Every structure is written in structure tokens, then in C-alpha cells.
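Nothing in this text is a laboratory measurement; each read-out follows from the coordinates by a stated rule. Everything quoted here is computed from the prediction, not taken from an experiment. Because the Cβ atoms are built from the backbone with ideal geometry, glycine has one as well, and the counts that use them run over all protein chains shown.
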Amino acid sequence: MRKFIYLFVAVFASASMFAQTTWKVDQMHSFLTFSVKHLGISFVEGKFDQYEGTFTSNKADLTDGKFDFTIQAKSINTGVSMRDDHLRTNDFFNTDKFPTISFTTKSIKKVSDTKYVLDGILTIRGIAKPVKFDLVYGGLLKDDGQGNQKMGFQATTTINRFDFDVAYDPSGQAIAKDVTINVNLEFAKKA
């Protein structure tokens with residue numbers, strides 16, 4: 001009987017953490033990064049420094065979850081200011097005309113206890129395309145130091161930059177067409 005009561009309390013607590021819950025991305029503990037092959041022999045890595053995002057879910061298994069993200073394209077950062085300035089031009093992101101990159105969820109499918117497939121729409125340069133991420137659920141906890149509830153995810157995918165009209169070097173010999181996106185996210189429950 002005692003085991004049943006503990007199980008009931010654990011299930012109830014887990015369900016109540018998700019009921020009508022919206023989570024806001026914690027930018028101090030999250031990273032939106034990418035890498036692309038350069039000259040066929042090495043990789044250039046970069047990140048976006050300014051973004052906002054939420055995750056909303058009503059179910060403890062996350063399958064009804066919805067991610068919504070908006071990234072400020074001008075915040076691209078590869079650690080080389082001359083390259084970053086070039087990436088902001090029409091050769092790449094054209095950030096004056098297309099200031100944001102966005103992502104919204106279509107569906108989340110559970111594969112195992114912590115692994116999911118995240119289907120959504122990624123919009124770059126005003127072009128919206130379906131994208132599939134491998135999503136890993138890192139878990140849920142209460143931050144004892146702050147008293148906040150936190151949740152973590154990691155998502156990875158590879159896109160073809162030409163699909164979004166990021167067509168500089170159309171041969172793909174100097175800058176590869178495939179771009180790997182790695183997203184590490186920590187969310188805090190919104191009050």
C-alpha cells in the first residue's frame with residue numbers, strides 16, 4: 001500500500017509539473033550552435049547570441065509539446081568579426097531584410113525514455129521548410145538554490161543551406177552545403 005501511495009504522489013507531481021505549463025529558455029545555460037565544412041578539410045563553427053524561446057506541454061511524456069523560437073540573425077558569432085559581417089550580407093543571411101530566424105513545432109514523437117523526433121518548420125531568409133531534429137530529453141528538476149523548476153533538451157539536425165537560399169559558393173567546394181545545427185537548451189518554468 002505504501003508503494004502505491006508513493007507511486008501515486010510521484011505520478012501526480014510529474015503530471016502537475018506539466019499541466020498547462022509554459023517553459024521559457026534560460027539563455028545563460030543554453031546554446032544555439034552550428035558547424036559547416038570549410039575547404040573540404042576542416043569545420044567552421046558559430047553560434048547565435050540573441051534568441052527567445054518557449055516550450056509548452058500538457059503531458060508528462062512531452063508528445064503534445066511545442067517549441068517556439070525566434071533568433072536574431074544579426075547575433076551570429078563565429079569569433080571572427082570580418083566573417084560575421086559577411087554572413088550578415090545578402091551572400092548569406094541578409095539580416096537587414098530578414099532580421100529573424102524562427103522555428104515552430106509540428107509534432108514530437110517519442111522513440112524511447114529520453115529520445116524523441118521533433119518535426120517542425122524552420123524559417124531562414126523568409127523561406128519556411130520542414131526540418132526534423134533528433135531530440136534528447138535531459139530531464140526535469142527543481143533548482144534548490146533558486147527554487148525554480150528546470151528542464152533540459154538537446155536537439156541536432158543537418159540542413160542544406162541552399163534550401164533556404166543561403167547560396168554563396170554555389171559549388172559547395174569552399175563552404176559545404178550541409179550545415180549541422182546543435183541546440184542545447186535549458187528552460188525555466190514560467191510563473
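Here are some pairs, Lys24/Lys115; Lys150/Lys177; Lys115/Lys189; Lys74/Lys150; Lys74/Lys129; Lys37/Lys129; which of them have Cα atoms lying more than 26 Å apart in this structure? Flagged as over cut-off: Lys150/Lys177; Lys74/Lys150.
Using C-alpha pairs under 8 Å with a sequence gap of at least 6, the mean separation divided by the residue count of segment 78-191 gives a relative contact order of 19 percent. For the chain, the relative contact order comes to 23 percent (Cα pairs under 8 Å, sequence separation of at least 6). For segment 26-79, trypsin sites (Lys or Arg not before Pro) meeting the loop criterion (DSSP other than H, G, I, E, B) and having at most 14 other Cβ atoms within 10 Å: Lys59.
Helix-only estimate, please: 222 nm mean residue ellipticity of the chain, summing -39500 (n - 2.57) across DSSP H runs of length 4 or more and dividing by its residues, to the nearest 500. Each step should come with its number before you reach the end.
Details: 2 runs with 24 residues, N = 191.
That comes out to -4000 deg cm²/dmol.
Taking amide H atoms as placed 1.01 Å from N in the peptide plane, the amide H of Thr21 lies under 5 Å from those of Ser57, each 5 or more residues away in sequence or on another chain.
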